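> Before anything else, here's the structure in question.
The values are calculated or read from the model by the stated rules, or taken from the named source; none is laboratory data. Since the model is a prediction, treat every value here as computed from it, not as a measurement. Cβ sites come from the backbone with ideal geometry, for glycine too, and all protein chains shown count toward neighbours. To get the accessible areas, we keep the full protein, side chains included, count just its heavy atoms, and leave off ligands, DNA and RNA. Shrake-Rupley method; radii C 1.70, N 1.55, O 1.52, S 1.80 Å.
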Amino acid sequence: MAASSSGYSRMFFKLRKYANKSQSLYHTDSFNVVIRTIWTSGSKTQLQPKVHTKSLPQMVGVVGLEIHAQIQSTSKLFSGSHVRFLAPPNSLVSHFDASLPGTLPVLNRRCVEAAVLTGLALNCTINRKSLFDRKHYFYADMPAGYQITQQRVPIAVNGMLVYSYFEGRRRNQVVTKSVKIKQIQLEQDSGKSLHDDERSQTLIDLNRAGVGLMELVMEPEMCCGEEAAAAVRELQLILQALGTCQANMAEGQLRVDANVSVHRPGEPLGVRTEVKNINSVRHLAKAIDYEIQRQMEVLQSAGKVLNETRAFDSKSGNTIPMRDKEGLQDYRFMPEPNLPPLFVYESEASVPAGVDPAQVVVIDRLSGQLPELPSVKRTRLVETYGILQEHSFTLVNEDGLIDYFENVVQTTKAEPRKVIGWVIKELMGNLNSQNLNVSQSPISPCALAELISLVESGHISSSTAKQVFQEMWKAPEKTVGQIVKEQDLWMINDKEELQKICKRIVDSHPEEVQIIRGGNKKVLNKLMGEVQRETKGRTDPVQIRAILEKMVS
């Protein structure tokens, strides 16, 4: 889980970096025209507008999401089969999963508790009574010919997800928005169909059949890929904090379908397309932005947007047609006859007499288990340590980074603002370059704290400390003191020695001295650089500047 969280946190913040082009769409709200910038990939294959921007004054994108989150449970939703990623094909299939005659579903209480916990974290109303239904369709990987879901009365409704993203020229302005959660419903997953094109055959793996899912339906209230990506990233963090879903998109634990349309404000929503085959947050943003632009171009050229399902091709950055949805599919929903209504109770006092409270789902009991959620963590970090809000996002998004940061702060006397610079720039820079997560860092919090303390005490300079950090990364078995001693990196504090070094530099640069005396004080920086080069960064720049200024005056 740590590895997956690490990967996704990087993807979220790379959304602030990967944009090297922008496309302008015009958003009209209450008769005021506001320009909204959508950041998109710099790929050469990215679809570009064929018409001048001014010809699209009122067209806006509308985005809604349907998200399937695989519940983190040791067994499936209605059977005792284990759940394990990359298990041998068809090795985790019970009689019920294979839909053998006479088998009946037995509801997994853990899955119900996970759905309730998720609903509480997303400010949903938890239905005290929810119902199960059969959704009929025939695929080879759905052996029963139907899926057990909650179409009529889902377990949770009317929630809200608050999310944030960055905008502005430097991508450091935090914008906070919210999107309504229409419902959260429990349902079965299907198996996998593995297509072998060379042999013209399809193989079926039922290991995933019957695994518990939470389907979260977000209302169409977002306007671009960046907003949708930020919402999904926030949801990932919430689910991971709750422990209800590992939310690794690469492993299919979180699957996102985007419903995209464009329209003019004040008019009905346009014809929507559903975009599938999205396996990362970064690809989600690209797919949505491409689809919005594609639909605008279709309408501007007097074409018609089709109600269809499209797949995102990550190589080309395009969406491609899969199948049309013009004909309404009849799923023949019907009540599930083998499952009674699902009841959850407000408190133990509301549990009917004769029912063991330990055997039912109690909302109050689950409310007490809610952890510190990502938004609360970010606020606490900013208020407690005085760090920038954008840094709080990095700490929360990277699994294990908050603990690492706080351990360093508690071990050193340096200000948290100085510590965060080392953690964000040096530590995360090295981790990202080698595709490692925090738990794999060769430098422990104590070792980093020791290094920072040497800088604070004036024993080594900040530039020298960065050299030492890289040596610590290469040789984690060595202590900070050993590296500094072996390479003779201690700060030069002897005033007489500093005077000699500066005098030698001044005497060897007469032309620069004359320019400085002529009034160009910026050239002094060159002399300072020469001193730093000769001393290998083992001097205090402030002290060196004072000595040089006195010598050339």
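> Filter the range 92-109 down to the residues that are free of Cβ contacts under 8 Å to residues at least 60 places away in the same chain and either at positive phi or not β-branched (V, I, T) (or both) and list them by number.
Correct list: H95, S99, L100, P101, G102.
> Another question, then. Kindly indicate whether R272 is open to solvent by 50 Å² or more (accessible area, probe 1.4 Å), among the charged types (D, E, K, R) and under 33 Å from the mean Cα position of the chain (by Cα).
yes
Okay, residues lined up against (1) open to solvent by 30 Å² or more (accessible area, probe 1.4 Å); (2) without any contact (Cβ under 8 Å) to a residue 60 or more places away in the chain; (3) in the same structural domain as K503 (by the TED database); (4) not charged (D, E, K, R):
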residue: N520; (1), (2), (3), (4): yes, yes, yes, yes
residue: V531; (1), (2), (3), (4): no, yes, yes, yes
residue: D540; (1), (2), (3), (4): yes, no, yes, no
residue: L548; (1), (2), (3), (4): no, yes, yes, yes
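> Out of the range 281-305, which residues are farther than 18 Å from P220 by Cβ and open to solvent by less than 10 Å² (accessible area, probe 1.4 Å)?
V281
> Kindly indicate whether any position in the range 431-447 is more than 22 Å from E234 (Cα to Cα) and more than 26 Å from the chain's Cα centre (by Cα).
yes
> Looking only at helices (runs of 4 or more DSSP H) that fall completely inside the range 391-506, which ones have 1 or more residues that are closer than 30 Å to L548 by Cβ and open to solvent by 30 Å² or more (accessible area, probe 1.4 Å)?
Once the helices (runs of 4 or more DSSP H) in the range 391-506 are filtered for at least 1 residues that are closer than 30 Å to L548 by Cβ and open to solvent by 30 Å² or more (accessible area, probe 1.4 Å), what remains is 416-421, 445-456, 462-474, 480-486.
> Which numbered condition in (1) in contact with a helix residue (DSSP H, G or I) (Cβ under 6 Å, 6 or more places away or on another chain); (2) at pLDDT 95 or above is the only one that R310 fails?
In the conditions (1) in contact with a helix residue (DSSP H, G or I) (Cβ under 6 Å, 6 or more places away or on another chain); (2) at pLDDT 95 or above, R310 misses (1) alone.
> More than 28 Å from G210 (Cα to Cα), crowded, with 17+ Cβ neighbours inside 10 Å and out of contact with any strand residue (DSSP E or B) (no Cβ under 7 Å at 6 or more places or on another chain) - does that describe any residue in the range 252-267?
As a first pass, look at the range 252-267 and keep what is more than 28 Å from G210 (Cα to Cα): 260-267.
This time we only want the ones that are crowded, with 17+ Cβ neighbours inside 10 Å, so: 260-263.
Filter again for out of contact with any strand residue (DSSP E or B) (no Cβ under 7 Å at 6 or more places or on another chain), leaving none.
No: zero hits.
> I would also like to ask the following. Just wondering, is there one or more residues in the range 154-171 that are assigned by the TED database to the domain that holds K135, surrounded by 20 or more Cβ atoms within 10 Å (Cβ to Cβ) and assigned to a loop (DSSP other than H, G, I, E, B)?
yes
> Name every residue in the range 306-352 that is open to solvent by 50 Å² or more (accessible area, probe 1.4 Å), over 28 Å from the mean Cα position of the chain (by Cα) and touching a residue at least 40 places away in the same chain (Cβ under 8 Å), in order of residue number.
K325, Q329, Y331, R332, F333, M334, P335, N338, P341, F343, E346
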